[in-house]
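The values are calculated or read from the model by the stated rules, or taken from the named source; none is laboratory data. As the structure is a computational prediction, the values presented were derived from the model and not from experiment. A quick note on method: Cβ atoms are made from the backbone with ideal geometry, for glycine too, and the neighbour counts reach across all protein chains shown.
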Amino acid sequence: MGERFASWFAVLMLMAVLGASYWYAQTLNGAGGGDSGRIGAVDFFAEQVALTGFDAQGRGHYRLFADRMTHYARSDDVDLARPRLLSMRTDEPLVQATAQSALVHNNGESVLMSGDVVLTRAADAEHPAMRLDTDQLLALPDDDRFSTAAPVHLHAGSAVLDAVGMDFDNVARRVELRTQVSGVFPPRSRP
């Protein structure tokens, strides 16, 4: 009798493990684990992530934070929810870009940020602080360069500019506005 009970108990435990495994697999599929049709099936995700990019000398030169990261196996692309890209270069002004979402390509080579994008650059000895608002921004973190073809609203010190399209190179400390540029420049104070 005891052997028969032990056998049935083992079968019931095995069925419970199989049922729990099936339930877990279905839960993952319901949470976006299927093929998105865009860039493949989700192979993993993580919450509250912080990724660091390093230069050739092994120094961290940018950090990428996100509330959620979803990785796609076939394309090796990554979706980010509420990303924040922070430049860590000690010889350049601090730059930070935030958005509602982002798509990371080529192992972090490019980051396409979308939705309520805000790019800020700290002031340095020659340039005032800058804030740029747009709907979409392409970041190249390794090069510390940013661009968009979307409309932008830019505050640089007390100057306010609007344009369609922008290229920003933090290393060269240069902003180029592409088209339909208009702005207000306050008068300079006289010495």
Scope the range 118-129; condition aliphatic (A, V, I, L, M) and farther than 17 Å from residue 84 by Cβ; matching residues
123, 125, 129
Residue 76 - would you say it is surrounded by 12 or more Cβ atoms within 10 Å (Cβ to Cβ), in contact with a helix residue (DSSP H, G or I) (Cβ under 8 Å, 6 or more places away or on another chain), assigned by TED's automatic domain parsing to the domain that holds residue 62 and not in a strand (DSSP E or B)?
yes
Any chance you could count how many residues in the range 121-132 are surrounded by fewer than 16 Cβ atoms within 10 Å (Cβ to Cβ) and closer than 22 Å to residue 181 by Cα?
4
Scan the range 75-98 for residues that are of a type outside the set (Asp, Glu) and closer than 18 Å to residue 46 by Cα and jot them down.
75, 78, 80, 81, 82, 83, 84, 85
Check the range 42-49 and report whether any residue there is in contact with a helix residue (DSSP H, G or I) (Cβ under 7 Å, 6 or more places away or on another chain) and modelled with pLDDT under 80.
yes
So, in the range 134-157, of the ones that are within 26 Å of residue 187 (Cα to Cα) and of a type in the set (Gly, Ala, Ser), which residue ends up surrounded by the fewest Cβ atoms within 10 Å (Cβ to Cβ)?
157
Being outside any loop (DSSP other than H, G, I, E, B) and buried (at least 16 other Cβ atoms within 10 Å of the Cβ) narrows it down to one residue among 160, 164, 175; which is it?
175
It is to be established whether one or more residues within the range 118-129 are under 30 Å from residue 73 (Cβ atoms), in contact with a Leu (Cβ under 9 Å, 6 or more places away or on another chain), at pLDDT 95 or above and part of a strand (DSSP E or B).
no
Out of (1) exposed (fewer than 12 other Cβ atoms within 10 Å of the Cβ); (2) modelled with pLDDT under 90, the one residue 89 does not meet is (1)
Considering only residues that are free of Cβ contacts under 8 Å to residues at least 12 places away in the same chain and either touching a strand residue (DSSP E or B) at 6+ places or on another chain (Cβ under 7 Å) or not hydrophobic (A, V, I, L, M, F, W, C) (or both), which ones fall in the range 152-191?
174, 176, 187, 188, 189, 190, 191
